[in-house]
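Structure first, then comments.
The values are calculated or read from the model by the stated rules, or taken from the named source; none is laboratory data. This is a predicted model, so every value here is computed, not measured. Neighbour counts are summed over all protein chains in view; Cβ atoms, including those assigned to glycine, are modelled from backbone coordinates with ideal geometry. Please note that ligands, DNA and RNA were not included when accessible areas were found on the heavy atoms of the full protein model with its side chains. Shrake-Rupley method; radii C 1.70, N 1.55, O 1.52, S 1.80 Å.
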Amino acid sequence: MLIAALATLGLAMAITHHLASGRYQQELREQGRTTLRLYSEIINGWISRFRALAPIYAQNPEIISALRNPEDGVQLDLVNERLTRWTWQTGAADTYLLDQHGITIAASNWDQPISFVGNDYSFRPYFTMAMNGRLGQYFALGTSSGKRGYYFSYPVRDLQRTIGVVVVKVSIEQIEAELSSAQGEVFISDRSGVIVAAGRTDWRLRTLAPLDEDERAAIARSRQFDLDKLTAIPVSALTATAPEQGALVSQQSGADGALSYLHLSRVAPIPGWELHLLQPTRSTRSQILTATLLAGSAALAVILGAIVIWQRRRRLIEQLVERQAAQERLERAVTARTADLSASNAALAREVAERIQAETDLRQTQSELIQAAKLAALGQMSTSLSHEFNQPLGAIRAYAENGVAFLDRGNLDRTRENLNRIARLTDRMAQLSKHLNGFARKPRDTVEPVNLALTIEEALALVNARVEKAGTRLSVDCPADLMVMGGQIRLQHVLINLVSNAIDACEGTEQPQIAITATRQSAEGESRDANGAEERILLRVEDNGPGLSAQVLEKLFDPFFSTKETGKGLGLGLSISYNIVKDFGGHLWAENRMDGGARFSISLRQARPAQQPQPIGELS
Ligand code: ADP
């Protein structure tokens with residue numbers, strides 16, 4: 001990561017450095033070429049200004065005349081004057097006239113201490129050039145003045161014959177003043193690599209590179225320059241002409257160390273001269289460095305940005321992974337919990353099924369118990385019931401025998417009367433048998449409106465024989481229209497149980513009494529149902545027996561609790577009755593009467609006229 005970032009940074013900087021170098025060097029080159037072109041034009045202008053002078057002067061009749069008659073002092077004075085004036089007017093350094101041997105016969109500085117007059121310049125190439133009929137152009141160090149000058153020479157002709165040479169010397173310093181104002185180092189070299197003009201004073205009349213022996217000899221011959229001073233300037237690898245693209249050179253400059261330049265050159269408008277420009281690359285280098293550093297900073301910013309983004313992305317991915325893991329954990333936990341829940345659900349469902357089964361079994365057992373208890377009750381009642389049947393049977397027999405006797409006697413009225421009595425007695429027996437049948441039948445387990453008075457009456461029909469046999473006074477007080485929610489046979493069973501128990505309890509009582517009462521309970525408190533629309537019926541069976549001891553009260557409704565001798569009681573009557581009443585949505589409880597004896601109370605729901613039968617399961 002770090003290596004990649006550093007590599008990217010390095011690459012960005014290297015590329016920028018390369019591109020910036022190319023670009024800035026190109027700019028530097030273009031700038032340099034422009035500078036060179038400008039100086040070339042300046043030099044050209046300067047040269048052009050003076051080049052035409054010598055040919056014009058050569059036409060001057062006074063000049064020609066002075067050369068024709070070099071002994072004519074007046075003429076020479078005139079020429080001297082004229083040359084002085086021309087020199088002053090044109091800005092040239094000196095103007096002078098040589099005879100055909102190269103001796104100066106007149107000069108603009110004729111009256112100066114360094115007058116050229118009388119000097120022999122035949123050795124100067126410009127003299128030779130002009131004597132050969134050409135315009136001479138030559139650069140040299142003045143032998144008398146010691147100043148560098150550019151010489152223009154032209155032959156003075158007299159009837160096709162060259163009789164002398166007119167020379168215009170121009171100071172190179174004018175050019176140098178221009179060169180020194182240049183950006184960078186501008187200088188001019190001649191064919192032999194001598195710097196003939198330079199903006200820098202210490203580079204003037206030195207060489208581009210050390211001169212070889214031949215060059216030195218040639219210079220010595222023409223006395224062009226002072227050989228001793230012709231040392232190379234301290235710029236390495238400087239060539240006479242720079243390559244097209246320019247060349248990088250460096251200058252050893254003492255304390256500053258090396259300075260780098262871009263070397264450019266072009267041909268100067270003076271034959272054999274080369275115009276040079278050394279452009280410092282320092283600013284370019286600093287520009288390149290700035291660009292490279294800028295690129296580096298930008299790349300660094302980009303890299304840092306990328307690192308920040310990358311880290312943020314990594315953190316996001318980590319968070320996502322963590323979130324996903326948490327979700328998976330949650331899903332696993334949910335799955336596990338779901339499995340647990342499903343298992344406990346299944347267990348609950350099993351338990352519910354078991355309970356339903358147990359309840360069904362219980363109900364079955366209960367109904368079997370009821371049946372058994374009913375049969376037991378019948379068994380208990382059997383003696384009185386058989387009496388109930390035997391007594392009318394005996395009467396029927398007597399009526400039949402008497403009927404036969406009356407028939408024999410022809411007493412038809414008495415016979416009819418006896419037969420009617422027999423018929424009434426058989427009706428009564430059939431009625432009793434019907435009650436017994438009904439009671440013995442397995443009851444339905446629906447809860448429906450039942451007429452209470454009728455139910456009491458039918459129950460009593462079955463226990464009547466016992467009541468009578470025991471000599472008990474039984475009273476019933478029940479409004480004929482009272483309707484309760486229950487089952488007729490099951491309610492009969494409850495009443496038979498309660499009345500039978502009362503008969504049993506009153507066994508030792510002198511004047512046994514049983515009272516059955518049914519009343520509408522007050523509309524207050526629990527007598528109303530949730531809608532407040534239904535009244536309850538209170539059915540009571542009271543006796544004047546010994547009542548209920550505290551011990552008996554405690555266990556009264558427990559199954560198989562009995563104080564009766566074996567064979568007389570199963571101890572199921574009250575527990576079954578309690579459950580039957582509960583199934584009706586009612587309540588059975590026992591208490592002692594204030595004036596002795598027991599009281600069993602049953603609270604039942606009163607049936608409304610249109611009330612439909614309900615299965616027991618919907619109650620409670
Ligand atoms: P069983 O009649 O077979 O004993 P029950 O459940 O009907 O069974 O009665 C349980 C007991 O309650 C009786 O044995 C008796 O001791 C007592 N008992 C029931 N009714 C009365 C009553 N009217 N007076 C006094 N004791 C009673």
**Prompt:** Among the listed residues 336, 295, which satisfies the condition of being in a helix (DSSP H, G or I), open to solvent by less than 70 Å² (accessible area, probe 1.4 Å) and within 30 Å of residue 20 (Cβ to Cβ)?
**Reply:** 295
**Request:** Name the single residue, out of those in the range 467-491 being within 15 Å of the ligand (Cβ to nearest atom) and in a helix (DSSP H, G or I), that is nearest to the chain's Cα centre (by Cα).
**Result:** 467
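Go through the range 580-592 and report how many residues are more than 12 Å from the ligand (Cβ to nearest atom) and open to solvent by less than 70 Å² (accessible area, probe 1.4 Å).
The initial filter retains those residues of the range 580-592 that are more than 12 Å from the ligand (Cβ to nearest atom), namely 580-587, 589.
Still in the list and also open to solvent by less than 70 Å² (accessible area, probe 1.4 Å): 580-581, 583-586.
Matching residues across the range 580-592 total 6.
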**Request:** Please enumerate the residues belonging to the range 531-546 that are open to solvent by 20 Å² or more (accessible area, probe 1.4 Å) and at pLDDT below 95.
**Result:** 531, 532, 533, 535, 536
**Fill in**
Apart from one, (1) of a type outside the set (Gly, Ala, Ser); (2) more than 17 Å from residue 517 (Cβ to Cβ); (3) free of Cβ contacts under 8 Å to residues at least 40 places away in the same chain all hold for residue 481; the odd one out is (2)
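Out of 406, 439, which single residue is closer than 25 Å to residue 504 by Cα and either at pLDDT 90 or above or over 60 Å from the mean Cα position of the chain (by Cα) (or both)?
Only one candidate passes the filter, namely 439.
Of everything in the range 593-602, what is more than 9 Å from the ligand (Cβ to nearest atom) and surrounded by fewer than 20 Cβ atoms within 10 Å (Cβ to Cβ)? Give them in sequence order. Give the derivation first.
If we filter the range 593-602 for residues that are more than 9 Å from the ligand (Cβ to nearest atom), which is where we start, we get 593-596, 601-602.
Within the range 593-602, 593, 594, 595, 596, 601 qualify.
For the range 180-192, name all the residues that are open to solvent by 10 Å² or more (accessible area, probe 1.4 Å) and either outside any strand (DSSP E or B) or among the polar types (S, T, N, Q) (or both). Outline the logic, then answer.
Taking the range 180-192 and keeping what is open to solvent by 10 Å² or more (accessible area, probe 1.4 Å), we get 180-185, 190-192.
Within the range 180-192, 180, 181, 182, 183, 184, 190, 191, 192 meet the criteria.
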**Request:** Would you check if residue 496 is outside any helix (DSSP H, G or I), in contact with a Leu (Cβ under 9 Å, 6 or more places away or on another chain) and within 16 Å of the ligand (Cβ to nearest atom)?
**Result:** no
**Fill in**
Filtering the range 254-284 down to residues that are open to solvent by 30 Å² or more (accessible area, probe 1.4 Å) and in contact with a strand residue (DSSP E or B) (Cβ under 8 Å, 6 or more places away or on another chain) yields 258, 259, 260, 266, 267, 271, 280, 282
**Request:** Identify, from the list 11, 38, 2, 19, the residue that is open to solvent by 70 Å² or more (accessible area, probe 1.4 Å) and modelled with pLDDT under 85.
**Result:** 2
**Prompt:** How many of the residues in the range 497-507 are of a type outside the set (Ser, Thr, Tyr) and either at pLDDT below 90 or closer than 11 Å to residue 467 by Cβ (or both)?
**Reply:** 4
**Request:** Restricting attention to the range 554-568, report how many residues are within 9 Å of the ligand (Cβ to nearest atom) and either outside any loop (DSSP other than H, G, I, E, B) or at pLDDT 95 or above (or both).
**Result:** 1
**Asked** Of the residues in the range 569-579, how many are more than 7 Å from the ligand (Cβ to nearest atom) and open to solvent by less than 20 Å² (accessible area, probe 1.4 Å)?
**Response** 2
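For every residue, the table says whether it meets (1) surrounded by 13 or more Cβ atoms within 10 Å (Cβ to Cβ); (2) of a type in the set (S, T, N, Q); (3) free of Cβ contacts under 8 Å to residues at least 60 places away in the same chain.
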| residue | (1), (2), (3) |
| --- | --- |
| 171 | yes, yes, no |
| 178 | yes, no, no |
| 196 | yes, no, no |
| 220 | no, no, yes |
**Complete:** For the range 95-145, the count of residues that are open to solvent by less than 10 Å² (accessible area, probe 1.4 Å), among the hydroxyl-bearing types (Ser, Thr, Tyr) and farther than 19 Å from residue 76 by Cβ equals 1
**Request:** Write out, first by first residue and then by second, each pair whose Cβ atoms fall under 7 Å of each other, whose residues are 6+ apart or on separate chains, and whose first residue, in the range 551-575, is more than 21 Å from residue 368 (Cα to Cα) and touching a residue at least 60 places away in the same chain (Cβ under 8 Å) while the second is near the ligand (Cβ under 7 Å from one of its atoms) and open to solvent by less than 80 Å² (accessible area, probe 1.4 Å).
**Result:** 564/504
**Request:** Just give me the residues in the range 65-85 being surrounded by fewer than 18 Cβ atoms within 10 Å (Cβ to Cβ) and either in a helix (DSSP H, G or I) or at pLDDT 95 or above (or both), in sequence order.
**Result:** 65, 68, 73, 74, 77, 78, 81, 85
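Which of the following residues is open to solvent by 50 Å² or more (accessible area, probe 1.4 Å) and assigned to a helix (DSSP H, G or I): 444, 421?
Details: 444 fails: assigned to a helix (DSSP H, G or I).
After applying the criteria, what remains is 421.
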